[in-house]
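Down below is the structure, laid out as structure tokens.
Please treat every number below as a calculation from the coordinates, not as lab data. All values derive from a computational prediction rather than experimental measurement. Note: ideal-geometry Cβ built from the backbone for every residue, glycine included; neighbour counts use all protein chains shown.
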Amino acid sequence: MVLGGFVDWRGRAINGEVHGGVKATWFLHVLNVVTNVVIVPNLLNLVTYLHGTMHMGVSGSTTTATNFIGATSGFALIAAFLSDSYITRARTMLLFAPFMFLGYGLLALQAYSPSLHPPPCDNKVELNNCEEVHGWNATLLYAALYMCAFGDGTMRVCLPSLGADQFDHEDPSESQRQSSFFNWYSFGISLGGFIGLILIVWLENYKGWDIGFGVCAILILLGLLVVAAGLPFYRNQVPQGSPLTRVLQVALRI
């Protein structure tokens, strides 16, 4: 069975019996779990890191964490536009999601190297004497955080959409499997968050932020390698071009 509107990773017409289906989604489930192992605990623990290690004020730490969450959503919009209009969802994810790996790698490097973060200080006792991160080190911190946000936003918008593409919603049996995919996807979010809140938070608080961020970077890299291994099995929806272009064409004709 050949399906129209979909291509394989090389841009060739796909065969519904070879591409897509449940077997293709398991690669995506792995990345979904891994991503949430990383992002959920770090979202909740970010203020602690910024305030305790980078010696930012409570308000500054909270604002930075809030901006990080907002940036993730903003980058998700950009990734959604690109994947729908110009490049496939799988390519969008594999092109931009590695920024998340790079971001956590930079955070691990900064947390490990004493020259890249302020000297240790008990901000509960010496609040006014603690040196806040500034200059080049602050630039490195923000660059790493927004790399993480860029990669995370890309994966959050491309993963569920790519998973849905693996099933023909006009086929009753495949439509049922598509619903099952989203059930497992939701379970993966919860499972990943549960593991992360135990493992990653423990590593960051008791073994060091450098180890915690380093493990996060490794997990993201492994997840991306698994997704890349599934490329020969994915159904990729053919991009339809920018909707803004079509709107402008209609407006000009009017």
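Sorting ASP152, ASP8 by the number of Cβ atoms found within 10 Å of their own Cβ, with the fewest placed first, yields ASP8, ASP152. Per residue, the chain reaches -24000 deg cm²/dmol at 222 nm when only DSSP H runs of four or more residues are counted, each adding -39500 (n - 2.57).
Anything in the chain that counts as a DSSP H helix reaching 27 Å or more along its axis (C-alpha) with Kyte-Doolittle mean of at least -0.5? List them, would you? The answer, listed by residue number, is 22-52, 58-85, 135-165, 172-202, 209-229. Only Cα pairs under 8 Å and 6+ residues apart enter the sum, and on that basis the relative contact order of the chain stands at 40 percent. When ARG156, ARG91 are sorted by how many other C-beta atoms sit within 10 angstrom of their C-beta, beginning with the fewest, the order is ARG91, ARG156. By the Cβ rule of 4.7 Å, the chain holds the following cysteines without a possible disulfide partner: CYS148, CYS158, CYS216.
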